[in-house]
Structure formats: structure tokens, C-alpha cells
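Have a look at the structure below before the remarks.
The values are calculated or read from the model by the stated rules, or taken from the named source; none is laboratory data. Just so we're clear, the structure is a prediction, and the values are computed from it rather than from any experiment. Glycine gets a Cβ as well: all are built from the backbone with ideal geometry, and neighbour counts include every protein chain shown. Keep in mind that these areas ignore ligands, DNA and RNA; they rest on the heavy atoms of the full protein, side chains included. Shrake-Rupley method; radii C 1.70, N 1.55, O 1.52, S 1.80 Å.
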Amino acid sequence: MATRTDAPTRREQILKEAARLFAERGFHGVGVDEIGAAVGISGPGLYRHFAGKDAMLAELLVGISGQLLTGARRRVAEADGGPDGRNPEAVLDSLIEGHIDFALDDRPLITLHDRELDRLRDSDRKLVRQLQRQYVELWVEVLREVYPALAEPAARSAVHSVFGLLNSTPHLGRPGSLPGRGTTAELLHRMARGAFAAAGAE
């Protein structure tokens with residue numbers, strides 16, 4: 001999604017518009033025809049790409065959870081393979097930057113997760129939770145390298161708290177009312193590092 005630089009496929013266009021509409025009006029407040037109209041195809045034409053709205057919702061929520069985990073693993077691997085070896089501070093900064101990109105560029109998905117996760121079938125919801133747990137544990141490992149005295153439960157609580165802070169972007173107002181993207185990203189980064197430093201000060 002936000003990490004792609006090439007032109008989105010029709011399937012990705014559908015998912016993007018579905019996420020926006022679901023976030024704005026709720027899953028049950030949006031019809032297939034409206035999603036189709038948003039991408040310039042007929043509602044029935046969507047069924048060439050998805051079995052229905054439930055399938056779109058599952059792909060959105062499972063997909064972003066998987067993307068976050070994959071991106072975080074890539075950032076850690078890149079740090080491990082660097083010429084100077086692993087720098088936990090730099091790895092933590094990189095993880096924060098990656099999550100901020102998601103929080104600023106995929107705001108509808110945050111709203112969608114908060115409101116609609118329980119609508120997924122059990123298997124999809126369990127998969128989302130599993131991916132999220134792995135994502136959290138990766139952060140916990142890095143955080144404890146930066147702050148070795150921080151106990152694992154406290155580190156896990158700190159990670160969840162920072163996620164709450166970063167994922168507050170849908171509540172910051174309309175995009176046009178915020179400072180520039182760069183300024184907002186820098187502010188969120190400073191706040192995240194400040195929260196971790198406060199946790200590590202124990």
C-alpha cells in the first residue's frame with residue numbers, strides 16, 4: 001500500500017477505496033456498487049476480484065498486519081547486515097519510522113481495525129492477532145537491546161502504548177488541518193522515543 005512506488009493494480013485500487021469508504025461510513029453502510037463506482041467499474045464487476053465485502057475486509061486487515069511485520073523484519077535484517085553491525089538505537093528508530101509511515105499514509109486502516117476487526121471470520125481474526133503478536137515481540141526484543149534493564153512485561157506495555165500514540169493519527173483532524181507530513185512525522189518520532197526513554201528510565 002503506502003510502500004509501493006509503482007502504479008497500483010485494479011485490485012489494490014479497489015482495496016484502497018473500500019478501506020476509505022468502510023472507515024468513513026462503516027462496513028454495513030457501504031454497498032458493493034459504491035465501491036465499484038469509486039474505482040470506475042460496476043458493482044458486479046468487483047466479483048471478478050473479490051468474493052464480496054467480507055473478502056475485502058479480510059484482505060485489508062490481514063494484509064496490513066502482514067505488511068507491517070514483513071517491513072519490520074526487513075528493517076531489522078538490513079541493520080543486521082550493515083557494515084558496522086547491529087545498532088539497536090538505529091534499529092528502533094527505523095522501526096518507529098516504518099510505523100509512522102503506516103500511521104500517516106494508511107489512516108483508514110487504523111479506523112477499520114478498531115471498528116471492524118470483530119467482523120472477520122474466526123480464522124482471519126486469529127491470523128491478524130498472530131501477525132500482530134509477532135510484530136510486537138520484534139519491537140520488544142529491539143527495545144530491550146536499547147534499554148537492557150527494562151523487564152520484558154514493561155517493554156511489551158511500552159510498545160503497546162507507543163502503538164496507541166502513533167495510531168492516534170485518525171483522531172488528529174483532517175489531513176489539511178495538520179502540519180506538514182514531515183513535521184508531523186518528526187513530532188510523532190520524538191514522542192515515541194520520549195515514551196520509550198521514560199519507560200527505560202525505570
Every pair of residues 6+ apart whose Cβ atoms lie under 8 Å, when the first sits in segment 64-81 and is closer than 29 Å to ALA19 by Cα while the second is open to solvent by 50 Å² or more (accessible area, probe 1.4 Å) and not in a helix (DSSP H, G or I): ILE64/MET1; GLN67/MET1; GLN67/THR3; GLY71/THR3
ARG11 being touching a residue at least 12 places away in the same chain (Cβ under 8 Å), assigned to a helix (DSSP H, G or I), open to solvent by 70 Å² or more (accessible area, probe 1.4 Å) and more than 18 Å from LEU112 (Cβ to Cβ): no
Inter-residue pairs, beta-carbon under 6 Å, first at pLDDT below 95 and in segment 47-62, second part of a helix (DSSP H, G or I) and among the basic types (Lys, Arg), 6+ apart: HIS49/ARG11
Candidates ALA192, ALA90, filtered to the one that is without any contact (Cβ under 8 Å) to a residue 40 or more places away in the chain and either open to solvent by less than 80 Å² (accessible area, probe 1.4 Å) or in contact with a His (Cβ under 6 Å, 6 or more places away or on another chain) (or both): ALA90
Residue list for segment 114-138, filter: crowded, with 17+ Cβ neighbours inside 10 Å and within 15 Å of LYS53 (Cα to Cα): GLU116, ARG119, LEU120, ASP124
